[in-house]
Amino acid sequence: MQLLIKKVTIISPTSKYHLKKKDILISNGIIDKIADSIVEKNAKVIEGKGLYVSVGWMDLFADFCDPGHEQKETCITGSKAAAAGGYTDVCLIPNTNPSNSSKSTVEYLKNNSTIVNLHPIGSISKNIEGKDLAEMYDMRLSGAIAFSDGKKPVQQSGLLLKALEYIKTFDGMVIEIPEDYSIAQNGQMHEGEMSTRLGMQGKASIAESIHLQRNIELLQYTQSKLHVTGVSTQKGIELIRQAKKKGLNITCSVTPHHLLLTDNQLITYNSLYKTTPPLRTEVDRKALVKGVLDGTIDCIATHHTPQDWDSKQVEFEYAKEGMIGLQTAFSLLLSVNENIPLETWIHLLTDAPREILQIDKPEIAEKSKACLTLFNTHEKWNFDATTNKSKSTNSPYFGQTLTGKVIGIINNNQWHFNE
Amino acid sequence: MRLSVKHLLGIKDLTKEDIELIFQTADNFKAVLSRPIKKVPTLRDTTIVNLFYENSTRTRISFELAEKRLGADTINFATSSSSVSKGEGLIDTVNNILSMKVDMVVMRHSASGAPHFLANHIQVPIINAGDGTNEHPTQALLDAYSIREKCQTLRGKKVAIIGDIMHSRVALSNIFCLQKLGAEVLVVGPPTLIPKHIESLGVQVTYDVREALQWCDVANVLRIQLERQNKPLFSSLREYALFYGVNKKLLDSLQKEIIIMHPGPINRGVEIDSDVADGPHSIILNQVENGVAIRMAILYLLAGKTSAE
């Protein structure tokens, strides 16, 4: 099985071919040859105007709802969505049913890896109850890539303290969404002028910063490793910036939708914009973009959260949170029109998450395993029922034309190309 | 003249001209209501469903009376529990009712934005009879109409809204309505019951009831909505009554006359004392009376009729 990619610009700062336009020949899942011009009659040829290639993209925080909520997504449909979105690696949050709190569920998820590598995130607490530590060591040895209670951030400081200490045995990492429930309470959206106008209970920005402040204190005390995902406020990003300056082992990620959207979107009570953390203000959004530019934000996490029709087509208050994001992430990032170079986005999608998780980084070099994503930045495509691979459609971008297309991925001696 | 909107979801969506049109139409219906025969055949053969997902006495009766006096056929649907706990979703319930050829929906719901959500899924006009902590537009219209009746105009009038601003859809609708008509608004209550960002709506805020009363021409006293507070937001009803209750002694000490309003139901002895609620400056029962005329006007205008006879 040979694949010949013609006239492709390579984006990979660690590669000697960085920013060079080459032909790449892949044989049996291995990068066979990289040269100015390759002729190979038996190979399937991939070519196109403005074609780019990078190392396969990795998502740090996605929900495939499997096992337990297979009406929303499964490992199969989620992986197809990931492949279509350019992702070769996806970390899966543990909020399934049963939750990913033991070795057996970790193995179940890992065994469902196909062209897309699935990396299970084990739960911090047993059954994500937020009370007692789950068997993290055992899960780690079975392949859990990190630990988090996922969409239910740890509220008990004492429990997080124990978790941060405990994972030091095996050099683990805790991932937290920053949200203090006692402040966020029944909030449906960001607390601000818009929530006041809409008569909705809000989640104050301090629900994020207080939780984050606490986590940073705990991190300093334990000298462990923490990743904060879904940071959404100006204050939040500033706290992380300061913690990094202090030399703490802290990293963070942001979602594409937080880089693009604000709470103004909620004016029509459209539940597709209901997310956790909530969409914040323009000031916050700008602060996140600045965080990308100055390197405070380490990577992108899609927070891909499939919800079936019935979970969203109800009164806003009863609607479930989240949006699907794997297939739209790249186009969304390109539309964050703030002079952020393509190379920055690609770094945040490729090497950055692997550095955070301390796993091997694939390379674009001859004789290396082919783990690649092909894309362009100019082509328009429709995100609709014909292109959507997820089992769910809960995205405000569903039905829209987006710019910047993922052509396909190559991984594990398999390939997938979008039509 | 027609309204600029198809539904009455909130005062937010109305123009000043819409509100004035509603008032003019209500003037005509108020005249009708004082005749020996109070019924007109204007909405004959129009079927209206009153969907009450939340308890209501005054609003429901007022709507039903308004509908009946316009000659409409009415259906009442009430459930104390939410649609979700009943198992049937809102869209399903409403579509089932509409398939029986219903022409208009009046809905009260505990979730903010529920009528906006419904408006995306059904074709017939919807009138919001209160949604969560968002809006209660017909209440605000009848409140403003009652002030107008008493003071001729709202322009330049100072209105204090007192009490549980955070959980009150009446407060939010009143703010929008009064501002559109040129009145100034001040909200007052314990800080825990005042939304953090309320000033962004252009209202003044104080925590001192006396100061508010000293400032205002009209005081709209709101009900303490204990049922909406998950955790208590003030220490006790006794303390609330002591520091935020409107009583005669307080009013007498101001040496000025203030119009007293309350959207009901009243917690007597808590937010307002009986001698104030029933006193000479209270227009609480006028509000209720005007409610029918206002709702007749809205039903009439949204039913697609062009102007009142």
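Structure above, values below:
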quantity	calculated
Which listed residue, of B:276, B:270, is in a helix (DSSP H, G or I), crowded, with 17+ Cβ neighbours inside 10 Å and under 22 Å from the mean Cα position of the chain (by Cα)	B:276
The lone exception for residue A:342 - which of (1) more than 14 Å from chain B (Cβ to nearest Cβ); (2) crowded, with 21+ Cβ neighbours inside 10 Å; (3) touching a Ser or Thr at 6+ places or on another chain (Cβ under 9 Å) it fails	(2)
Test for residue A:392: is it touching a residue at least 12 places away in the same chain (Cβ under 8 Å), closer than 30 Å to residue B:112 by Cβ and open to solvent by less than 20 Å² (accessible area, probe 1.4 Å)	yes
Unique residue being closer than 26 Å to residue A:310 by Cα and at pLDDT 95 or above when the list is A:79, A:113, A:102	A:79
The range A:4-21: number of residues that are out of contact with any Ser or Thr (no Cβ under 8 Å at 6 or more places or on another chain) and either assigned to a loop (DSSP other than H, G, I, E, B) or surrounded by 19 or more Cβ atoms within 10 Å (Cβ to Cβ) (or both)	8
Residue, farthest from the chain's Cα centre (by Cα), within the range B:129-156, restricted to residues that are within 11 Å of another protein chain (Cβ to nearest Cβ) and under 24 Å from residue B:300 (Cβ atoms)	B:131
Residue check for residue B:86: open to solvent by 20 Å² or more (accessible area, probe 1.4 Å), basic (Lys, Arg) and either over 22 Å from residue B:43 (Cβ atoms) or at pLDDT 95 or above (or both)	yes
Residue B:172 being assigned by TED's automatic domain parsing to the domain that holds residue B:241, out of contact with any helix residue (DSSP H, G or I) (no Cβ under 6 Å at 6 or more places or on another chain) and either modelled with pLDDT of 95 or more or open to solvent by less than 20 Å² (accessible area, probe 1.4 Å) (or both)	yes
When residues of the range B:106-128 are limited to those that are open to solvent by less than 20 Å² (accessible area, probe 1.4 Å), within 11 Å of chain A (Cβ to nearest Cβ) and part of a loop (DSSP other than H, G, I, E, B), the one farthest from residue B:7 (Cα to Cα)	B:111
Qualifying residue in the range B:57-70 (condition: of a type in the set (Val, Ile, Thr) and touching a residue at least 12 places away in the same chain (Cβ under 8 Å))	yes
Long-range neighbours under 9 Å by Cβ, at least six apart or interchain, first residue without any contact (Cβ under 8 Å) to a residue 12 or more places away in the chain and outside the structural domain of residue B:165 (by TED's automatic domain parsing) within the range B:247-272, second of a type in the set (Gly, Ala, Ser) and buried (at least 19 other Cβ atoms within 10 Å of the Cβ)	none
Test: residue in the range A:212-228 that is crowded, with 18+ Cβ neighbours inside 10 Å, outside any helix (DSSP H, G or I) and of a type in the set (Val, Ile, Thr)	yes
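Matching residues to (1) over 30 Å from residue A:267 (Cα atoms); (2) among the aliphatic types (A, V, I, L, M); (3) in a helix (DSSP H, G or I); (4) within 14 Å of another protein chain (Cβ to nearest Cβ):
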site: A:306; (1), (2), (3), (4): no, no, no, no
site: A:364; (1), (2), (3), (4): yes, yes, no, no
site: A:373; (1), (2), (3), (4): yes, no, no, no
site: A:382; (1), (2), (3), (4): no, no, no, no
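The values are calculated or read from the model by the stated rules, or taken from the named source; none is laboratory data. This is a predicted model, so every value here is computed, not measured. Every residue, glycine as well, gets a Cβ built from its backbone with ideal geometry; the counts of neighbours run over all protein chains shown. The protein model used for the area step is the full one, side chains on, heavy atoms only, and it has no ligands, DNA or RNA in it. Shrake-Rupley method; radii C 1.70, N 1.55, O 1.52, S 1.80 Å.
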